[in-house]
Amino acid sequence: MPRLATSLLREAYAIHPCLPLLLRPCRDLQAARNELRWLCEHAGKVARLRRAKGRDADPKQLLKRLVQERAAGKPLQYLLGTEFFGDLEIRCQPGVLIPRQETAASVMHLTRLLRAALDLPPELRVLDLCTGTGCIPLLIADELTRCRQDVQLRLLGVDVSDKALRLAQYNLHQTQRKGRLSDTAKVAFIHADLLMEPFDVQPAQTLCLKKAMNYSRVPPFWDVFVSNPPYISPAAYWKTTTRSVRGFEPKLALVPPLPADPATDTEHGDIFYPHLLAMARDVEAKIVLLEVADLAQAGRVAEMAQNMAIFDGIEIWRDQPDQPAEERGAQPSRFPIIGQGNGRSVLCWRARGGSWLGKGPSPVSPLDDARRLWESHRVSSSFFDFKFNSRL
Amino acid sequence: MRATPWICRPCLSRIARPAIRRQLRFQSSAAAAETIAPALLSRARTIALEHERLNEKLANGFDSKSAKKLGEYSVIVRALKEWEAASEAAAELTTLIHDSSTDTELRDLAADDLDATRTQLVNASQALTTSLVPIHPFAHLPCLVEIRPGAGGSEAAIFAGDLLRMYQAFCSRNSLRATLLKFENADGTTEAGVPLSEAILEIESENAYGIFRCEAGVHRVQRVPATETKGRTHTSAASVLVLPSLNENAAGEEDFENPESDYYVDPKEVRVEIMRARGAGGQHVNTTDSAVRLTHMPTMTMVSMQDSRSQPKNKEKAWKLLRSRLAQARREKREEEMVNIRRSVVGVAKMGRGDKVRTYNWGQQRVTDHRSGITVHDLDDVMQGGQTLDTVMESVRNWLMERDVEALIAEESSRK
């Protein structure tokens, strides 16, 4: 990282003595000034609240502490306690991944497409795996119920971390308290480990998704399947993530756990996707939206989805899927790439999902659709048989 | 001895003159020709092509701007089709008549038909010409008519009052809604019947500007004033200023969905830039950059917003700012246009008797419009805003249209 210019530091100091410290994580004067403003507002608010409780608080001291922590790399979202995800203010805590703007952009685009759909079922079920703060189900509920009062929404968030689940529950409670969640949306969160197979030994605390869903008596079939799983490979973790991410955000939410079988670095990064696609098939999801790291991973995930032969269409979305596609030379890609920015997510649809997304009705009859789902089950179960036998 | 007797010279020169002198019209040209200027025809053809292209474009996706254009063009395209059909029919009939192999009966029938087709062709070419004339951009708006006395002292002020009454009567007869915005006497009071110093009449009905546009200018009066003691005829003038009243059009900030509103911005014309995270983005960075930049491409107006931590909120604020900035620019442009219109109309300073547009002559009971060259003799009916005033105004409107056609032809031929 290039050293900060002395002239820049001096200029920053002339504006506010705390600014040079903030330049360390921000690297850019405008961003640092924004952060300082938000920190000042936060310090003022906290000091006011403390004084109201009769405790002594100096906003200047508070600001100094906050700025020092920020200079050490602690994410601003953890310091302020919240992050905006779309229109929602979501609570953040150390130990749970901070919601990202790019995720919000993809999810908002998906809900915008769904909002325009004419033939949504009376109850739309949305399953979000690796939910973290619970931001995705809450945003979908907020955006969809605002203009689709005719559709009952049922949303389920799943995570392996107890801390994340507690925070998700808190966020759900807060959103309800602020009146952002209408009565037509029901949101719940359950605990499950996605990488665990149903026939593995189940520890007392953790269950696989199927058993957890059975146990919580939630329906086994879902219409929309969304996930923002850990997708960074160990090598990329050291190379491409920023220091603030490495130092303060949970590695559990960023890098998939070490696989049992030896795998290359890229395979390690992709571990979650075959499992997620299999689960999407098991719950008979009509629309699947999976977040990925970049275009290369998007291509690999789209390939996996293609090989399952159950989807009517597959698309790759960039960071801003609502913007007109950028002309960056014609990439040789088998899948349409939509929007501007880095490759961000993979969208697959089958059966009625196509008409919900405005892609036209499914070219496959319902009978053929059921047949190809069953075929896909058989192919993968023979794959598991093989694994089972080899283990013996 | 000479064969012809002596003839006096004036008589000789009279022979050379035609027996009945034709009334010549110098300024107007009401020639109803069956031919149409080639420049206009080529313009009509390009518009027809454009119409086709727009039709195709609209089939793929709706766009309010091109839809409006399409509606404007469709009249021209229809007129062009009619003209083409008529001219083709006429050409066919002519060849039929000139063809020696045609038998006489058929030839007679063709000759009968040719007359009808000729009139059809004349109508069609006239329709095409009028459809090509661009409608004045403000013609559909309500208007303000300002009347002020010019040269001629108190007689001019009295005549200005007469004009005001004339327009009021005209409005009530044509059921146009007119309200007197301002009325000031020569003594600075609002008492009626005293010489007028300034009056502003607002005509709120639609298309009022299109109707009253032809009235702007200096109106000259020739009569023996009421204030005259020795019975001499005076010539005085009053000026009439006609302005489109645009304020009605300025819709509020709330209805920015309405394309007529100042606050309307076509989302397709705006480039949205979101400050992207450096590098990989996504889970790799936890950026707090929420800045949004909007650029309105046609005017290159740029707005960036980074106050809030929430990107959608910043976007919303940026849109609001962009809308109000564009509305401000549009308002300023409109006001400038208004100033230009005001300047182009004869100012109060040089309101002489010479630059008149119309003369009201009491002695001969005559009204002459100097632009269209029309003269009518029912002065009383004109001053009461009657049918005769309609005739005069109609002729001026036709004259204005002919000027527009000429300008159009000149413009087209200069472009080649």
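The values are calculated or read from the model by the stated rules, or taken from the named source; none is laboratory data. The structure presented is a predicted model; accordingly, all values stated were derived computationally and were not measured. When we count neighbours, we look across all protein chains shown, and the Cβ atoms used for this are built from the backbone with ideal geometry, even at glycine. Each accessible area value is taken on the protein alone, full model and side chains, heavy atoms only, with ligands, DNA and RNA left out. Shrake-Rupley method; radii C 1.70, N 1.55, O 1.52, S 1.80 Å.
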Here is a list: B:140, B:136. Which entry is touching a Lys or Arg at 6+ places or on another chain (Cβ under 8 Å) and either open to solvent by 30 Å² or more (accessible area, probe 1.4 Å) or of a type in the set (Ser, Thr, Tyr) (or both)? B:136
Hey, could you check segment B:398-412 for residues that are surrounded by 16 or more Cβ atoms within 10 Å (Cβ to Cβ) and more than 14 Å from the chain's Cα centre (by Cα) and say which is farthest from residue B:128 (Cα to Cα)? B:412
Is it true that residue B:129 is buried (at least 17 other Cβ atoms within 10 Å of the Cβ) and within 25 Å of residue B:42 (Cβ to Cβ)? yes
Give me the residue from segment A:290-303 that is of a type outside the set (Asp, Glu) and away from chain B (no Cβ under 14 Å) and, out of that set, surrounded by the fewest Cβ atoms within 10 Å (Cβ to Cβ). A:300
Is it the case that residue A:216 is more than 11 Å from chain B (Cβ to nearest Cβ), within 30 Å of residue A:76 (Cα to Cα) and not acidic (Asp, Glu)? no
Considering A:43, A:47, A:52, which residue is away from chain B (no Cβ under 14 Å) and surrounded by 21 or more Cβ atoms within 10 Å (Cβ to Cβ)? A:43
Of all residues in segment A:239-262, count the ones that are more than 11 Å from chain B (Cβ to nearest Cβ), surrounded by 12 or more Cβ atoms within 10 Å (Cβ to Cβ) and over 20 Å from residue A:77 (Cα atoms). 2
I need the full set of residues from segment B:305-318 which are crowded, with 16+ Cβ neighbours inside 10 Å and more than 7 Å from chain A (Cβ to nearest Cβ), in order please. B:305, B:308, B:313, B:314, B:315, B:317, B:318
Does any residue of segment A:263-283 turn out to be touching a Pro at 6+ places or on another chain (Cβ under 6 Å), open to solvent by 10 Å² or more (accessible area, probe 1.4 Å) and either within 11 Å of chain B (Cβ to nearest Cβ) or part of a loop (DSSP other than H, G, I, E, B) (or both)? yes
Residues within segment B:377-397 that are open to solvent by 20 Å² or more (accessible area, probe 1.4 Å) and either among the charged types (D, E, K, R) or not in a helix (DSSP H, G or I) (or both), tallied: 8
Taking segment A:67-94 and keeping residues closer than 20 Å to residue A:19 by Cβ and not in a helix (DSSP H, G or I) leaves A:72, A:73, A:74, A:75
Would you be able to say whether some residue in segment A:72-91 is more than 23 Å from residue A:170 (Cβ to Cβ), acidic (Asp, Glu) and at pLDDT below 90? no
Taking residue B:105, is it under 29 Å from residue B:49 (Cβ atoms), open to solvent by 80 Å² or more (accessible area, probe 1.4 Å) and either touching a helix residue (DSSP H, G or I) at 6+ places or on another chain (Cβ under 8 Å) or at pLDDT 80 or above (or both)? no
Those residues of segment A:55-66 which are of a type outside the set (S, T, N, Q), open to solvent by 100 Å² or more (accessible area, probe 1.4 Å) and part of a helix (DSSP H, G or I) amount to A:60, A:64, A:65
Filter result for the condition that a residue is in the same structural domain as residue B:232 (by TED's automatic domain parsing) and within 23 Å of residue B:234 (Cα to Cα), over B:392, B:367: B:367
Only one of B:53, B:78, B:148 is basic (Lys, Arg), modelled with pLDDT of 85 or more and either closer than 29 Å to residue B:338 by Cα or touching a Gly at 6+ places or on another chain (Cβ under 8 Å) (or both); which? B:148
With segment A:95-206 as the region, which helices (runs of 4 or more DSSP H) entirely inside it contain at least 1 residues that are open to solvent by 10 Å² or more (accessible area, probe 1.4 Å), farther than 30 Å from residue A:341 by Cβ and in contact (Cβ under 8 Å) with a residue 12 or more places away in the chain? A:162-177
Return yes or no: is residue A:211 without any contact (Cβ under 8 Å) to a residue 12 or more places away in the chain and open to solvent by 30 Å² or more (accessible area, probe 1.4 Å)? no
In segment A:17-35, residues that are without any contact (Cβ under 8 Å) to a residue 24 or more places away in the chain and within 36 Å of the chain's Cα centre (by Cα) total 11
Filter pass, residue A:76 being in contact with a His (Cβ under 8 Å, 6 or more places away or on another chain), of a type in the set (A, V, I, L, M), within 14 Å of chain B (Cβ to nearest Cβ) and in contact (Cβ under 8 Å) with a residue 24 or more places away in the chain: no
Based on what the data block shows, is residue B:22 of a type in the set (D, E, K, R), over 35 Å from the mean Cα position of the chain (by Cα), modelled with pLDDT under 75 and surrounded by fewer than 10 Cβ atoms within 10 Å (Cβ to Cβ)? no
Here the residues within segment A:214-224 that are surrounded by fewer than 19 Cβ atoms within 10 Å (Cβ to Cβ) and closer than 26 Å to residue A:349 by Cβ are A:218, A:219, A:220, A:221
Does any residue of segment A:217-233 turn out to be more than 26 Å from residue A:156 (Cβ to Cβ) and under 21 Å from the mean Cα position of the chain (by Cα)? yes
What is the number of the single condition among (1) within 11 Å of chain A (Cβ to nearest Cβ); (2) farther than 23 Å from residue A:107 by Cβ; (3) among the hydroxyl-bearing types (Ser, Thr, Tyr) that residue B:299 does not meet? (1)
Being part of a loop (DSSP other than H, G, I, E, B), at positive phi and more than 7 Å from chain A (Cβ to nearest Cβ), is that true of even one residue in segment B:270-291? no
